[in-house]
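Following: one structure in structure tokens, then a few remarks.
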Amino acid sequence: MTIKLPKIIQQYVDASNEHDVKSIVACFSDVAFVRDEREEHRGKKSIEGWLVKTIEKYKFQFKPLSVKADDMAIVVALEVSGTFDGKPGHP
């Protein structure tokens, strides 16, 4: 089953699966922030540093499972695999 994602989200997923840091960062606004592993990363430079470390550490891949949209938000459910505990197929 193919999931039809909004263009910017599809670009983010594709760039992430290719581990293309420059293209991933281009998906974020200048004032974006990411909260991951109890840390916040604000702005493109901080997000870029987080991405480099995260890709190196986890070698993650995303598989979109579903998308729901309304006037307020777009929610995408992803299966995330990589070199971390709890990934699909990993204890």
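The values are calculated or read from the model by the stated rules, or taken from the named source; none is laboratory data. These numbers were taken from a predicted model, which means no experiment stands behind them. Positions of Cβ are backbone-derived with ideal geometry, glycine not excepted, and every protein chain shown enters the neighbour counts.
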Within the chain, considering only strands (runs of 3 or more DSSP E) that don't extend past its boundaries, which have at least 2 residues that are touching a residue at least 12 places away in the same chain (Cβ under 8 Å)?
33-36, 61-69, 74-81
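Rundown of residues vs (1) touching a helix residue (DSSP H, G or I) at 6+ places or on another chain (Cβ under 7 Å); (2) surrounded by 15 or more Cβ atoms within 10 Å (Cβ to Cβ); (3) at negative phi, yes/no style:
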{"site": "Ile3", "(1), (2), (3)": "no, yes, yes"}
{"site": "Asp14", "(1), (2), (3)": "no, yes, yes"}
{"site": "Ile24", "(1), (2), (3)": "yes, yes, yes"}
{"site": "Arg38", "(1), (2), (3)": "no, no, no"}
{"site": "Gly49", "(1), (2), (3)": "no, no, yes"}
{"site": "Tyr58", "(1), (2), (3)": "no, no, yes"}
{"site": "Lys68", "(1), (2), (3)": "no, no, yes"}
{"site": "Asp85", "(1), (2), (3)": "no, no, yes"}
Would you confirm whether any residue within the stretch 56-69 is hydroxyl-bearing (Ser, Thr, Tyr) and closer than 20 Å to Pro6 by Cβ?
yes
If a residue has to be closer than 21 Å to Thr83 by Cβ and not basic (Lys, Arg) to count, how many in the stretch 16-46 make the cut?
12
Where Lys68 falls short, out of the listed (1) more than 22 Å from Glu39 (Cβ to Cβ); (2) at pLDDT below 95
(2)
